Amino acid sequence: MSGNPHRFRVAAVGLALTASTMSLPARAQDSPGETTAQEMRPTSSGYAEAAEGLEIYYEVYGEGEPIVVLAGGLMPISTTAQITGPLSDTRQVIAIDLEGHGRTGLRDTPMSPERNGDDIAAVLRHLGITEADVAGYSHGGAAAIWMAVRHPKMVRNLIVIATGFAREGWYPETQEAINAFGASLAEPLKATPIFEGYGHLEQFPLFLDRMGELMRQDWDWREEVRALPMPVLLIFADHDSVSMLHIAEFFALFGGGIREPGVIDPQFSRARLAIIPGYTHYNLGQAPEVAQVIERFLKQPTSPATVVPIGAFGWWLHERRRPVTR
């Protein structure tokens, strides 16, 4: 893209700073005596060996059916507390630091979303889990998609939060900002939660370079996404950095939003779409509604909604759709 490189670098710094400060762990609730998100402690943690000997860091919270939760780009596990906390009340949550993030280091070779998907599978195998729900936010959402593409039998339900299936789905201004990501941002980012607790300080500039290289790639995964066999939940902010047109196209890849579903015995697509009002891409992870929507979806991922009284118009529409018998 053409333009002022300094302006794009400033935009990239602002993007990263905004994301880091708006992704701080928030209180799960304000009732006296109850556990807050900041006080959450994993029931276990450790490292799982993945390709090229990379040790992937993970934390486990709660008990029950397993669900993987993946943070956004540059963000450590702690920034997912508003999601992992509520879900861990009834489920076993496996939170993972993807390559280069948090306490997980870098390989000698460049990052890829495909390998991120393989790394998630490696953690689950390490824990002896054969199938789990998988939820990822932004960069973590891309990893979740590729976990589902490459290891579909291990993914019971896929939850994609605030990411697209193609680079063109992000607004041009966002693409310009991420084009400027690189090691030159290391100094300003050292004062943010991204750097705080980072497990491989000497790798931090290289990590930013690798992320920049990854995000500057042109990619379009629509055919891989369209072929996914499992139920899918898409969650976006109403003021996301992924365009609403792209969100609608994403939903349509699963047959959603392209035809009248019917009044009696409605025909649903294999995906669900949730738009959370009053948030942007950068603070959506702190919306309490995200965990609530995920929990509701997991309880009944493919069940139809309750049919309300259809009224005269609904009856007329239903009758028009009935086959004519002679």
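Numbers at a glance
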quantity: Which numbered condition Ala166 fails, given (1) surrounded by fewer than 21 Cβ atoms within 10 Å (Cβ to Cβ); (2) of a type in the set (A, V, I, L, M); (3) under 21 Å from Arg115 (Cβ atoms); (4) out of contact with any His (no Cβ under 9 Å at 6 or more places or on another chain); calculated: (4)
quantity: Meets criteria (closer than 17 Å to Leu284 by Cα and modelled with pLDDT of 95 or more) for Leu87; calculated: yes
quantity: Residues that are among the hydrophobic types (A, V, I, L, M, F, W, C), modelled with pLDDT of 95 or more and farther than 30 Å from Arg216 by Cα, drawn from region 25-66; calculated: Val60
quantity: Per-region count, region 193-208, residues buried (at least 17 other Cβ atoms within 10 Å of the Cβ) and not aromatic (Phe, Trp, Tyr); calculated: 3
quantity: Pair list, Cβ under 8 Å, 6 or more apart: region 239-263 residue polar (S, T, N, Q), other residue not in a strand (DSSP E or B); calculated: Ser241/Ala162; Ser241/Tyr171; Ser241/Thr174; Ser241/His281; Ser241/Tyr282; Ser243/Gly169; Ser243/Tyr171
quantity: Qualifying residue in region 270-279 (condition: farther than 30 Å from Ala81 by Cβ, in contact with a helix residue (DSSP H, G or I) (Cβ under 7 Å, 6 or more places away or on another chain) and at pLDDT 80 or above); calculated: no
quantity: Residue match in region 154-161 (condition: out of contact with any strand residue (DSSP E or B) (no Cβ under 8 Å at 6 or more places or on another chain), surrounded by fewer than 22 Cβ atoms within 10 Å (Cβ to Cβ) and without any contact (Cβ under 8 Å) to a residue 40 or more places away in the chain); calculated: no
quantity: Count - residues of region 184-215 that are touching a strand residue (DSSP E or B) at 6+ places or on another chain (Cβ under 9 Å) and over 14 Å from Leu106 (Cα atoms); calculated: 0
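The values are calculated or read from the model by the stated rules, or taken from the named source; none is laboratory data. Source: prediction; values computed, not measured. Neighbour counts are summed over all protein chains in view; Cβ atoms, including those assigned to glycine, are modelled from backbone coordinates with ideal geometry.
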